1. What about TRP173, is it crowded, with 19+ Cβ neighbours inside 10 Å, in contact (Cβ under 8 Å) with a residue 60 or more places away in the chain and either in a loop (DSSP other than H, G, I, E, B) or away from the ligand (no atom under 14 Å from the Cβ) (or both)?
2. Conditions first: (1) at pLDDT 95 or above; (2) at negative phi. GLY170 passes all but one, so which condition is the exception?
3. Hey, can you tell me all the residues within region 127-163 that are without any contact (Cβ under 8 Å) to a residue 60 or more places away in the chain, on the phi < 0 side of the Ramachandran plot, of a type outside the set (Ser, Thr, Tyr) and surrounded by fewer than 17 Cβ atoms within 10 Å (Cβ to Cβ)?
4. Which residue, of LYS114, LYS110, is over 15 Å from VAL55 (Cβ atoms), within 16 Å of the ligand (Cβ to nearest atom) and of a type in the set (Lys, Arg)?
5. Checking TRP166 against (1) within 16 Å of the ligand (Cβ to nearest atom); (2) not in a loop (DSSP other than H, G, I, E, B), which single condition isn't satisfied?
6. Considering only residues that are under 21 Å from PRO29 (Cβ atoms) and either surrounded by 12 or more Cβ atoms within 10 Å (Cβ to Cβ) or without any contact (Cβ under 8 Å) to a residue 40 or more places away in the chain (or both), which ones fall in region 88-116?
7. All but one of (1) away from the ligand (no atom under 16 Å from the Cβ); (2) closer than 23 Å to GLU33 by Cα; (3) in a strand (DSSP E or B); (4) not hydrophobic (A, V, I, L, M, F, W, C) hold for PRO80; which doesn't?
8. If you take the residues of region 19-64 that are part of a strand (DSSP E or B) and small (Gly, Ala, Ser), which of them is surrounded by the fewest Cβ atoms within 10 Å (Cβ to Cβ)?
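The values are calculated or read from the model by the stated rules, or taken from the named source; none is laboratory data. This is a predicted model, so every value here is computed, not measured. No Cβ is skipped: glycine too gets one built from the backbone with ideal geometry, and neighbour counts run over all protein chains shown.
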Amino acid sequence: MNFLKIILRVIYPLVLSLLVGCSGNYVCPENPEPTIQHCKEAHHLPEGSSCLVNVFADQQENPSGLMVKEGEAYQIIAMPHQTWGDSKTEHHPLCGKEGNTFINMFSSFKRVDKALWFSVIANVVNDSAALEGRYSQYDLCNTPKIEVSMPGQLIFYPNDVNAMYWNNSGSVWLKIQRVKNQ
Ligand SMILES: [Ca+2]
């Protein structure tokens, strides 16, 4: 094996994993359901269809690539056996944890202060001039089925303090299914 092959097969994936926070206490699992399309490829879902998105714990925003429209409804499901972590604390999506007395001294700094630490949050973001960068927000622990109130792209992240994503690791796969609006 020449040096270039060693770089491509060993060093390059290792550097990539370091960059995306997959080398900490929690790993980034392979796609658990390869038959389901990625949301970036789907772009928009017809009713009854699904796509998958990989959400990285150390990223403040994980754009799904999926565009949603006002009046549509989506069910968000965490694929089975998914864990990720905040330092050494293990979390199981879609919900997070209450936190101990010490950590809760900082709970008002959480991005969504009413949501549990590390609950999965979904935002619908829209940068069009007409909507002036407005967004809508859902705590998926409490509301895994969302009814879209404004058009935009779905993005996901674990609920944490903005400056404290550096010690998060792992990723979780979420399935987004377009369902009938009630
Ligand atoms: Ca953290």
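1. When the stated conditions are applied, TRP173 passes them.
2. Every condition holds for GLY170 apart from (2).
3. ASP127, ALA129, ALA130, LEU131, ARG134, GLN137, ASN142, VAL161, ALA163
4. Within the list LYS114, LYS110, the selection yields LYS110.
5. Among (1) within 16 Å of the ligand (Cβ to nearest atom); (2) not in a loop (DSSP other than H, G, I, E, B), TRP166 violates only (2).
6. Selection gives THR89, GLU90, HIS91, HIS92, PRO93, LEU94, CYS95, GLY96, LYS97.
7. Against the list (1) away from the ligand (no atom under 16 Å from the Cβ); (2) closer than 23 Å to GLU33 by Cα; (3) in a strand (DSSP E or B); (4) not hydrophobic (A, V, I, L, M, F, W, C), PRO80 comes up short only on (3).
8. SER50
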